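Engineer: Can you read through this structure? Questions will come right after.
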Amino acid sequence: MSENTTPEPELTDAEVSEQKAVRLAKRDRLNELGLEAYPVALPITDNIPAVRARFGDLEADATTGVTVGLAGRIVHLRNTGKLCFASLQSGDGSRIQAMVSLAEVGEENLELWKDLVDLGDHVFVSGEVISSRRGELSIMVREWKMASKAVLPLPNMHNELNEETRVRSRYLDLIVREQARANVFARAKTMASLRSTFTSLDFIEVETPMLQVMHGGASARPFVTHSNAFDMELFLRIAPELYLKRALVGGIERVYEINRNFRNEGADSTHSPEFAMLEAYEAYGDYNSIADLTQKLIQDAALAVAGSHVVTWADGTEFDLGGEWDRISMYHSLSDAAGVQITPETSVADLQAMANKEGVEVHLANHGKLVEELWEHFVKDGLTRPTFVMDFPVETSPLVKEHRSIPGVVEKWDLYVRGFELATGYSELNDPVIQRERFVQQAALSAKGDVEAMHLDEDFLKALEHAMPPAGGMGMGMDRLLMAITGLGIRETILFPLVK
RNA sequence: GGGCCUCUAGCUCAGUUGGUUAGAGCAUCGGACUUUUAAUCCGAGGGUCAAGGGUUCGAUCCCCUUGGGGCCUACCA
């Protein structure tokens, strides 16, 4: 530390809460007595879930003759005169009771336990595995050591933390709320399941740049940063798409990436500025084959997390992700719901009139944006089952191949689950000449003030000019996938969401 | 971005139509207790009522500004 650094202001008693001061004093006392407050190693022989699994069905008031040494965080303390009880919790939420009795540990050790051990501490105990008179699986402690002293108190275990504290201090949330731990495991299981499904189908996982010279692959506002080494503006990626397509050109024919995207846009219950995204591309596939793949990925993940295609959401509703999912046409479903025939030939004026009548506002309206907004207005909320909405207008989809038989439409689907867009899939555009035209059209939108329009990416076009195989491609929000399987809000699916 | 609501003890929350000393449960401190399960019983301490400014004899309460959070709304996954 340098001489002219402003010294840390010393905390006076008034600035440390009473509870923290008391615990700091206990920490000091442990060290003074030569009982380390933060020992480097402990003679651990077992863990709580393993002991529970082995002795969980012990009768009340039984002994085993088996001695174990294990550690856990104290989540309840019941000190009586000569026999103290503590509930130790392990990382998976399982608990075991420790009993500290005068007869077993002696007067001095019992007093030290009562004086120095607080709720929230990690402690090590060793002793015989027994069952209390009430039948609680317990360790009759012969020896105990502090494993790590908590100098701040645990929040009380009997009220839920408010949402702000949960998100800001997720570690506390994880300690006191079973569901918070379950969410972490659900996410990990989902990720493992996706990778396992991909591996079984010979897909290769790659990592592509997050810092990009030119952002592309989606319509969104980027975060901008600066490289000192190159003295240039760089963008945090909004999508990996254009790099994964370069991989396709290079012959990596079944490729996927699971990683973070960054979009400088609104944050709410279904949007976070950084979010995990899966993108997958399959050479010689199309939007139908990639829809099959998407359905399988999600159904496998549901099976891994919930043990069934029927998942139960946080609010108790059951939702069936099983079976073959509906595939409906955007134009047909819109026409049916609106009671008017709407086709790729319907004029902007007619669509605009309908939007005005319905009170649907469309920014920088063109045929495609109007159709999509009207579709959301008329059809979206009526979808109760997982549904692929197929065949989008060409204007809003600059990276998609034109439909094989319907003019004015592209081979794109959006997958709707639980009222939100969970994934999107394409028959990928691989004609470099048409791709260049689409970029030029986007550039024109950009010039008109559409901040989300894509930019012309010469380097990507050059890759396409070397011929990308025909391919189906798909993108899916990982946080949303968790939301679809668990029914949680996005801030619950992300372990540490961005907070100000 | 716009609108509405909110911030009180370590945690979760009451409350004050503006008036002496701001409350509860858990937690903490002292005492009792060898089978507790949010242990129980007796006693005690703990607050810049988000921050700053204003109105007032007097503000935690009313007004303004700033900050944090939530809900609705618009845009994006």
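The values are calculated or read from the model by the stated rules, or taken from the named source; none is laboratory data. Quick caveat, the model's predicted, so the values are computed rather than measured. Cβ coordinates were reconstructed from backbone atoms using ideal geometry, including for glycine residues, and neighbour counts include every protein chain displayed.
Engineer: Could you grab me the full set of residues in region A:71-98 that are out of contact with any Gly (no Cβ under 8 Å at 6 or more places or on another chain) and more than 12 Å from RNA strand B (Cβ to nearest atom)?
Structural biologist: Answer for region A:71-98, where residues must be out of contact with any Gly (no Cβ under 8 Å at 6 or more places or on another chain) and more than 12 Å from RNA strand B (Cβ to nearest atom): A:71, A:72, A:91, A:92, A:93, A:94.
Engineer: Among the candidates A:181, A:195, A:177, which residue alone is under 28 Å from residue A:262 (Cβ atoms), among the charged types (D, E, K, R), more than 8 Å from RNA strand B (Cβ to nearest atom) and modelled with pLDDT under 95? First the steps, then the outcome.
Structural biologist: Numbers: A:195 fails: modelled with pLDDT under 95; A:177 fails: under 28 Å from residue A:262 (Cβ atoms).
Sole residue among the options that is under 28 Å from residue A:262 (Cβ atoms), among the charged types (D, E, K, R), more than 8 Å from RNA strand B (Cβ to nearest atom) and modelled with pLDDT under 95: A:181.
Engineer: When residues of region A:147-171 are filtered for being within 6 Å of RNA strand B (Cβ to nearest atom), outside any loop (DSSP other than H, G, I, E, B) and under 26 Å from residue A:24 (Cβ atoms), how many remain?
Structural biologist: Residues meeting the conditions: 1.
Engineer: Here's a follow-up. Mind checking which residues of region A:46-65 are touching a Ser or Thr at 6+ places or on another chain (Cβ under 8 Å), surrounded by 13 or more Cβ atoms within 10 Å (Cβ to Cβ) and assigned to a loop (DSSP other than H, G, I, E, B)?
Structural biologist: A:47, A:58, A:62
Engineer: If a residue counts only when it is modelled with pLDDT under 95 and either under 16 Å from residue A:279 (Cβ atoms) or touching a Lys or Arg at 6+ places or on another chain (Cβ under 6 Å) (or both), which helices (runs of 4 or more DSSP H) contained entirely in region A:400-500 have at least 3 such residues?
Structural biologist: Values: elements: A:432-447, A:458-465, A:478-486, A:490-493.
Fully inside region A:400-500 and qualifying: A:478-486.
Engineer: Another question, then. In the set A:219, A:193, which member is in a helix (DSSP H, G or I) and buried (at least 18 other Cβ atoms within 10 Å of the Cβ)? Walk me through it before giving the result.
Structural biologist: Values: A:219 fails: in a helix (DSSP H, G or I).
Within the list A:219, A:193, the selection yields A:193.
Engineer: Now a separate question. Given (1) over 40 Å from the mean Cα position of the chain (by Cα); (2) away from RNA strand B (no atom under 12 Å from the Cβ); (3) buried (at least 16 other Cβ atoms within 10 Å of the Cβ), where does residue A:125 come up short, assuming only one miss?
Structural biologist: (1)
Engineer: Among the residues of region A:238-271, which ones are small (Gly, Ala, Ser) and within 16 Å of RNA strand B (Cβ to nearest atom)? Break it down into steps so the answer makes sense when it comes.
Structural biologist: The initial filter retains those residues of region A:238-271 that are small (Gly, Ala, Ser), namely A:239, A:247, A:250-251, A:266-267, A:269.
Of everything in region A:238-271, those that are small (Gly, Ala, Ser) and within 16 Å of RNA strand B (Cβ to nearest atom) turn out to be A:239, A:266, A:267, A:269.
Engineer: Let me ask something else about it. Select from region A:214-237 the residues that are more than 11 Å from RNA strand B (Cβ to nearest atom) and of a type in the set (Phe, Trp, Tyr) and write down the one among them that is farthest from residue A:265 (Cα to Cα).
Structural biologist: Restricting to residues being more than 11 Å from RNA strand B (Cβ to nearest atom) and of a type in the set (Phe, Trp, Tyr), the top hit is A:230.
Engineer: Scan the strands (runs of 3 or more DSSP E) fully inside region A:287-346 and keep the ones with 2 or more residues being in contact (Cβ under 8 Å) with a residue 40 or more places away in the chain and surrounded by fewer than 14 Cβ atoms within 10 Å (Cβ to Cβ).
Structural biologist: none
Engineer: Given the residues A:16, A:68, A:40, which is the only one that is among the aliphatic types (A, V, I, L, M), within 16 Å of RNA strand B (Cβ to nearest atom) and either modelled with pLDDT under 95 or under 39 Å from the mean Cα position of the chain (by Cα) (or both)? Outline the logic, then answer.
Structural biologist: Numbers: A:68 fails: within 16 Å of RNA strand B (Cβ to nearest atom); A:40 fails: within 16 Å of RNA strand B (Cβ to nearest atom).
When all the criteria are applied, what remains is A:16.
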